[in-house]
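Please read the structure below before turning to the comments.
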Amino acid sequence: MIVYLLRRSAFLLVSFLIAMVAIFVLLRLLPGDPSNALLSVTATPEQIAAAQAQVGADRPVLEQFLTWFGQLAQFDLGESFISSLPVGPEIAARLSVTIPLTLISFAVALVVSLVAGVVAATRSDRWYGILISGFSQLGVAVPVFWVGILLVSVFAVGLRWLPSSGFPRDDWADPADALRSLTLPIVTVALVMSASLTRYIRSATLDVMGSDYLRSARAQGSGYSEALWRHGVRNGAVPVISILGIELATTFLGAVVVESVFGLPGLGSMLLRAIEQHDYPNIQGVLFVSTLVVLIIGFVADIAQRLVDPRLRLSISGNR
Amino acid sequence: MTLLSVSSLGVTAPGGRALVSDLSFDLAAGKRLGLIGESGSGKSVTSLAVTGLLGAGLVATGSVLLDGVQVVGGAERRLVPLRGRVASVVFQEPLTALDPLMRIGKQLAEPLARHRALRGAALRVAVSEALAEVSLDDARIARAYPHEISGGQRQRAAIAIALSSRPQLLIADEPTTALDVTVQAQIVSLLDNLVEARGMALLFISHDLAVVSAMTNDLIVMSAGVAVERGTVAEVLSAPKDPYTAQLVRSARDLDAMLGER
Amino acid sequence: MSATVIAQTIEPRALRPRSWTLVVGLVLVGAVVATALVSLLWLPFSPEDTTGSRLEGPGGAHWLGTDRLGRDLATQLMIGARIALLVGLGSVAVGAIIGITIGLTAAFAASWLDDTISAALDVVIAFPVLLLAMLIVAAQGSSLASVILAIGLAMSAIVARLTRVLTKRVLAEQFVTAARTSGTRWPGIVVRHILPNIWPTLSVNLALQFGVAVLAEASLSYLGLGAPPPNASWGRLLQEAQGTVVTAPIGAIAPGLALIALVLGVNFVADGLRDVADPSRRRSR
C-alpha cells in the first residue's frame, strides 16, 4: 500500500504538470494575444506594444510560461486584465459559493441514491422498484439547467418559497440567508446527480446479490441480510467509489451551468465571464484551481478504492 | 429418520424449462452418494435445491427433507439454522466463492463464531486449528486475501470454512474441477480423510467418473435433469444400461488407457 | 438436435424483456430524425417571421405558440432538431476519428509512449466534456463548426482510452499473435482483426457519446457559447424562454422534452445494441 501511495503521488504530480502545460498552451491558441483584451479596435501600434509589454506578451513563450509557473509556485495567480483585482482572493470568494453547493448537493445525492439504488435492486419486482429504475434512466438525459428552470418557476416564481436567483451581498454573514439562496441550486444538482448515481448503486447491488461469495456465506448458515451487510457493502463499494469521484469532480466543474441558472457568484460563472472577456489571468487561475481540485478528488478516490480492495493495489492508474 | 430425503424434486428456470425433473434419492447419516453428469445435467442445481439456495427465478417442486425439515417452499428463517449445522457446501470455484475483500482467517472465523460461539483468543486458536486440519499450516494464510494464495490453497480454505460448523452432511459441488490435476488428487484425498474421520455424510457432485469413484461407492448418473442410472460404481461400470452412461464409461476408459500408455 | 431445441426455448425469452428499450429508443430517435428531415423541406413559418403576436399560447396557427419576439415555437423546435442531430453526428465523427487514431497508436506503441498517452488521457478525462468544449469554443470563437469540433475533441479522449483497452485485449488473443507471426503488417491487422472485434463495444459507447454531445451543445448554447443565431439550438431556446417561463411555460417545457426524448432515445438504442452485441451483460445494468 505504501508503494502504491508513493507511485500514485508521483502520478498526481506528473499529471498536474502535464495539465498546467496543457492549459498554458491552450490559452496561447486563443485568437490574438492576451493584450487584445485591454485594447479597443482603434488602438495605435504604440498602445498595442505598451499593452503587450504590460501583460508580458512581447517576451518568448517559454519565458512567459516560466514566469507564470514561478508565480504559481508561490500561490500568486496574478491580476485580472479587466478589473486589475488579484485573482487569488477573487477565486477564494467564489469558492465560498461553489464548494458548499458542490458538497451539499453531493451529500444529499449520495444519501438519496444509496437508498433508491438498493431499493431498486432488491425490490425490482415491486412497482416502486420499477419506478425508481425508470427515474434513474432519466438521469443521463435531463439537462441540469432545464430542471433548474422548472424548479425556479414552481418554487420561486410560483409559490414564492425561495429566492429565484442571486446570493447575499455579504456572503455567509447570515448563514440562513445564504443557505436559502443555495437551496434550489442544491436541489437541482442533487436531483440530477442522484438519478445517475442510483443507476450505478442499483447495478452494484445487483452484482453483489448474484455473487458466489454471498451464496457461500449463506451456505454456511449466515442470514441473507447479515451476509449482505458483512460481505456485500465492501464489495459493492468498490465500483461505486470511483463513480463517486467522477460525479463529484463533474459536479464541481459543471457548477458553471447551475450557477448561470441561479445567478450565483461561483467559480463557474467567474470562468464563463473570464472567457467572454478574454481575461487570461482569471481563466488560468480558475483552471489552475479546478485542475488541482479534480486531480485531488481522483487521488482520494483511488486511495479509498484501494483501501477497500487489496487486489487493485497492483495497478497504478484509475482504470483497472 | 434419513438425514436427507429427496423425492420427486423438480427445478424449473424462469422460462419454464425443466432443469431437474422427478429426482428422488435418500442419504443416511454417515453414508456417501455421488451425483455424476455433464455440465447442464442439473447436478449443481440439485445441490442448491437441497440447501434452499436456488438463484432468483428458479423454482423447486416436490420434496426435500433435510434433517426432517421441508426445504422446498420452506421459509428462509427455518432454513438458515439448517445451513452449516446440518448441511454445508463446498463450491466449484473457490476464487469467487470466497469473499475477495476479506482475509481468509476472518472468513473462517465468521462461521466458527456463529456455530461454536467462540470469541477472542479461543476463536483465533480455532481458526488456526481449522486451517491446520486442511493442511494449511502457514500462519500467513490466515492473513492473506484469496487472490494472494494458490487455487489449491483457496479450495482447502473453502473446505475448512465448510467444515467449521461441524455439519452432518457435506455437499461437495465439483470441488476439484477448477484445479490442476495434481492438486485435484490432494483435495480428493483430503476430503476423503476428513469425511471418514468425522463420520459425515457426503453428497459428491462431479462430471468426472474417476474422481467420483475415488470418493463414493453409490452413484446416480444424471443427464438433462433426469436420473438415468443408479447403482454401485461397479454395477454402473460393468453394465451401463443407459447410452449416456455407456459413453461416459467409454471415455473414462479411453482416458485411462491413454494415461496408462504414457 | 438438442442444441436447436435449447436455442429455440432460450431466444424469445432472452429478447423479450429488454427489446422494448430498443423499440422505444428507435421510435424516439426516429421521431427527431423525421422532424429534422421535414424541416429541410417545409417549415410552418419562416424562422425570422416575427409577425405573430408575442408569447401566444399553443393552438391556432402557431401550434405551440410564439416566443417573446413573436416567432413560431414549432418552427424553432424543428430547426433545433436539425442542429441537435448535426452536432451529435458531427462531434461523434470527430471524436471517433481522433479517438480511435490515438487509441490505436497507444495500443501499438512502445510501452513508454503508451504510458505517457494513457496518463495524459486520464488527466483529460477527469474534466467533463462541457468544460473542455467551453475552452475550445473560447479559443475558436462560436460557430456551429467550432462547437462540433470542440465537443468532438473533448470526447475523443474517452474514445481513445476505450479503443486502447479494447485493442490491447484483442492483441492478446491468439489469432492476432498468429497473424503477427505469419507476417501480416499492422494496417492489415487493424483492418482485419482489431476494428471488427472492437466495433461492437465501441459503437455502443459512441451512441452514448452522441447523447453526451447533444447535452453538451445544449449547455453551451444555454451559456451563450453555442452557435450564434439563426441556429435555433434547443439550449438557446431554453435560455431565451427562461425569463418568460411563468407567462409562457410551453416555451421552456417543449425544448427540454425534445432534448430528453433524443438523449433518452439514443441511450435506449445503445442499451439495445449492447444486449444484441453482448447478451451476457443483459442483467447487470
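The values are calculated or read from the model by the stated rules, or taken from the named source; none is laboratory data. In this text, all values refer to a predicted model and were calculated from it rather than measured experimentally. Cβ coordinates were reconstructed from backbone atoms using ideal geometry, including for glycine residues, and neighbour counts include every protein chain displayed. Heads up: the accessible areas ignore ligands, DNA and RNA and are worked out on the full protein's heavy atoms, side chains in. Shrake-Rupley method; radii C 1.70, N 1.55, O 1.52, S 1.80 Å.
Tell me what the protein assembly as shown gives for mean residue ellipticity at 222 nm when only DSSP H runs of n ≥ 4 count, each as -39,500 (n - 2.57), the sum divided by the residue total, rounded to 500 deg cm²/dmol. Provide the component values of the computation, followed by the final result.
On the way: 33 runs with 541 residues, N = 867.
The per-residue figure over the protein assembly as shown is -21000 deg cm²/dmol.
Interface burial in region A:149-165, defined as at least 50 Å² less accessible area with all protein chains than with the chain alone at a 1.4 Å probe, covers A:I149. Of the chymotrypsin sites (Phe, Trp or Tyr not before Pro) in region A:112-176, the ones in a loop by DSSP (not H, G, I, E or B) with at most 12 other beta carbons within 10 Å are A:W161. Shown is the FRET efficiency for B:V59 and C:W112, computed with R0 = 56 Å from the Cβ-Cβ distance and rounded to the nearest 0.05: 0.50. Treating each Cα of region C:63-277 as an identical point scatterer and summing with the Debye formula, the log10 of I(q)/I(0) at q = 0.17 Å⁻¹ comes to -1.10.
Equivalent ellipsoid of region A:88-279: semi-axes from √(5λ) of the C-alpha gyration tensor, largest first, are 38, 18, 14 Å. Here C:K168 is the anchor, and the aspartates and glutamates within straight C-alpha reach of less than 20 Å, apart from those fewer than 8 places off in the same chain, are C:D114, C:D115, C:D122, C:D278. Legend: translational diffusion of region C:163-215 by Stokes-Einstein, Rh = Kirkwood radius over C-alpha pairs, 10 °C, 1.306 mPa s; D = 131 µm²/s. How about B:K43: which lysines have a C-alpha closer than 28 Å to its C-alpha, ignoring those fewer than 8 places off in the same chain? Cα-Cα hits under 28 Å: B:K31, B:K241. Distance between the C-alpha centres of region A:129-160 and region C:186-221: 29 Å, rounded to the whole angstrom.
Which whole number in µm²/s is D for chain B by Stokes-Einstein, with the Kirkwood Rh taken over Cα pairs at 25 °C and 0.890 mPa s?
My calculation gives 129 µm²/s for D.
The GNM of chain A, with springs linking C-alpha atoms under 10 angstrom apart, assigns the highest mean-square fluctuation among A:G88, A:G70, A:G254 to A:G70. Solvent-accessible area lost on pairing A with B (1.4 Å probe, both sides summed) amounts to about 2100 Å².
Counting only heavy atoms of protein chains, what accessible area per residue, in Å², does region C:63-277 have with a probe of 1.4 Å? Could you put the intermediate results ahead of the total?
Working: 7950 Å² over 215 residues.
Each residue of region C:63-277 exposes 37 Å² on average to a 1.4 Å probe.
Averaged over the residues of C:114-123, the number of partner chain Cβ atoms lying within 10 Å of the residue Cβ comes to 4. Here each label is just a point 7 Å from Cα along the line to Cβ, and for C:R180 and B:D192 those points are 4.5 nm apart.
Accessible area lost on pairing A with C, both sides, 1.4 Å probe, Å² to nearest 100?
Details: alone 17470 and 14790 Å², together 28610 Å².
Its buried surface, counting both partners, is about 3700 Å².
When all alpha carbon pairs of the protein assembly as shown are counted in 20 Å bins from zero, the resulting P(r) reads 12, 37, 31, 16, 3, 0 %.
With a 10 Å radius around each residue's Cβ, average the other Cβ atoms per peptide and rank B:171-183, B:153-165, highest first. Each step should come with its number before you reach the end.
Details: B:171-183: 19.0, B:153-165: 25.2.
The most tightly packed comes first, giving B:153-165, B:171-183.
Per the Cα gyration tensor, chain A maps to an equivalent ellipsoid with semi-axes of 43, 27, 15 Å, ordered largest to smallest.
If you roll a 1.4 angstrom probe over the protein chains with everything in place, what fraction of the accessible area of region C:63-277 belongs to carbon and sulfur, to the nearest %? Walk me through the numbers before you get to the answer.
Details: 5350 of 7950 Å².
C and S atoms contribute 67 percent here.
In summary, region B:192-238 shows an alpha-carbon radius of gyration equal to 1.22 times the 2.2 N^0.38 Å reference for compact globular proteins.
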